[in-house]
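The values are calculated or read from the model by the stated rules, or taken from the named source; none is laboratory data. What you are looking at is a predicted structure, and each value in this text was computed from that prediction instead of being measured. Virtual Cβ from ideal backbone geometry, glycine too; neighbours counted across all protein chains shown. Please note that ligands, DNA and RNA were not included when accessible areas were found on the heavy atoms of the full protein model with its side chains. Shrake-Rupley method; radii C 1.70, N 1.55, O 1.52, S 1.80 Å.
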Amino acid sequence: MSATSESSAVSSSRVVEHPGHGESFTEHMISIDWTEGRGWSEARMTPLQELSVHPGMIGLHYGQVAYEGLKAHRRTDGSMGVWRPRDHALRFQRSCRRLAMPELPVETFVAAVDQLVLADESSLSGDPSHSIYLRPIMFGTDTSLMLRRSRNYRFLLMAFVAGGFFGDGIESVSVYASHTYSRAFPGGTGDVKIAGNYAPSFLAQREAEAAGCQQVLWLDAVERRYLEEMGGMNIFLVRGHGPQAQVVTPRLTGTLLPGITRDTILTLAERLGHQPVEERISLEQWRTECERGVMSEAFACGTAAVVTPVCTVVDRGTTWTIGDGKPGPVTLALRTALTDLHHGSAPDPDGWLHSPAGR
Ligand SMILES: *Cc1c(COP(=O)(O)O)cnc(C)c1O
């Protein structure tokens with residue numbers, strides 16, 4: 001499915017120099033509608049504009065809203081590369097299925113991403129730490145306050161220019177283990193990217209900030225012992241030192257989001273000669289291994305966070321530092337390996353970097 005464009009020639013005047021994160025939108029958006037009986041409409045590209053919705057729209061009241069987040073980077077040769085769009089399309093399908101919503105075909109998802117990236121790439125400066133963050137979203141559009149699933153849906157694709165998520169440069173972050181709230185539970189929705197997962201985390205985030213931390217570290221909801229993730233990023237720990245180090249991340253138990261960056265890091269760890277390990281690890285065990293000097297690095301990863309070192313943990317009034325509190329060598333090597341792939345300056349045997357195809 002290719003999109004018809006309602007906009008005139010693409011302006012090349014709007015290069016974003018200081019993007020921040022989440023507000024420097026690019027100029028266009030793509031819309032596709034789904035109607036019961038008729039399926040998907042043609043994609044339409046228009047200037048980014050406000051929506052007009054009925055106040056009784058189902059998605060707004062009952063949370064039938066799923067989304068994705070993926071990035072396009074400028075390669076060192078100047079062309080654009082989209083990072084693993086098919087994997088994001090497949091996860092989007094899973095998220096939509098979980099909310100009893102229709103699934104957008106992978107090809108349609110990728111074609112929409114390609115079209116928007118090519119239309120709006122001129123907003124991206126030459127700064128290699130900047131990227132175009134793409135935000136696909138789908139929601140139920142029926143006007144009804146009956147508690148039921150919608151029969152009509154809208155898919156939208158918009159984008160913003162992204163700088164560093166935690167500011168420029170490689171900053172370490174501190175994390176706050178939440179013993180008050182849970183993000184996800186068995187049988188719930190923690191393993192999909194739906195809007196309803198995020199609003200309940202804001203209060204915990206406020207608690208973390210009040211304790212002087214940047215991020216919440218979520219524990220499993222049943223025993224409140226095991227590490228899960230960070231609410232928008234997955235977590236990794238490094239056990240041991242040098243080439244023999246293990247690169248450890250919590251196993252996917254159905255309550256954490258299977259991050260595409262997480263998956264990439266597991267592969268890159270192996271490529272760098274480390275041992276990738278998925279295991280169930282408790283906060284207690286992590287702390288003990290840190291105290292014994294066995295674990296000396298930790299980092300968060302995600303499309304937005306890329307690879308962000310974690311330096312400090314706050315757990316019920318006690319605080320511990322990981323390693324010497326500075327970004328560690330394994331973390332930095334993985335970060336470089338990842339960003340080299342993003343920019344097309346490292347071999348890409350898995351074909352993860354996708355070249356947007358013009359129509
Ligand atoms: C998006 C997200 C991640 C990171 O996933 P990526 O595919 O690597 O961007 C991790 N946890 C949660 C809860 C998320 O929403």
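Quick look at the numbers
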| item | result |
| --- | --- |
| Residues of the stretch 161-185 satisfying the condition of being away from the ligand (no atom under 16 Å from the Cβ) and either at positive phi or open to solvent by 60 Å² or more (accessible area, probe 1.4 Å) (or both) | 167, 168, 169, 170, 171, 180 |
| Any hit, the stretch 215-229, residues being under 20 Å from residue 325 (Cα atoms), touching a Gly at 6+ places or on another chain (Cβ under 8 Å), within 16 Å of the ligand (Cβ to nearest atom) and modelled with pLDDT under 95 | no |
| Residues located in the stretch 87-102, provided they are open to solvent by less than 20 Å² (accessible area, probe 1.4 Å) and under 17 Å from the mean Cα position of the chain (by Cα) | 88, 89, 91, 92, 95, 96 |
| Listing of strands (runs of 3 or more DSSP E) fully contained in the stretch 27-86 that carry 2 or more residues being buried (at least 18 other Cβ atoms within 10 Å of the Cβ) and touching a helix residue (DSSP H, G or I) at 6+ places or on another chain (Cβ under 7 Å) | 28-35, 65-67, 70-74, 80-83 |
| Flag for residue 251 being under 20 Å from the mean Cα position of the chain (by Cα), within 13 Å of the ligand (Cβ to nearest atom) and basic (Lys, Arg) | no |
| Contacts under 7 angstrom Cβ, first residue in the stretch 186-211 being within 13 Å of the ligand (Cβ to nearest atom) and of a type in the set (S, T, N, Q), partner open to solvent by 80 Å² or more (accessible area, probe 1.4 Å) and modelled with pLDDT of 95 or more, 6 or more apart | 189/98 |
| Pairs with Cβ under 8 Å, 6+ apart, first in the stretch 225-253 and within 21 Å of residue 303 (Cα to Cα) and open to solvent by less than 40 Å² (accessible area, probe 1.4 Å), second in a loop (DSSP other than H, G, I, E, B) and away from the ligand (no atom under 16 Å from the Cβ) | 227/281; 237/281; 238/245; 238/328; 247/274; 248/281; 250/280; 250/281 |
| Residues satisfying the stated conditions in the stretch 120-141, i.e. within 24 Å of residue 34 (Cα to Cα) and open to solvent by less than 10 Å² (accessible area, probe 1.4 Å) | 134, 136, 138, 140 |
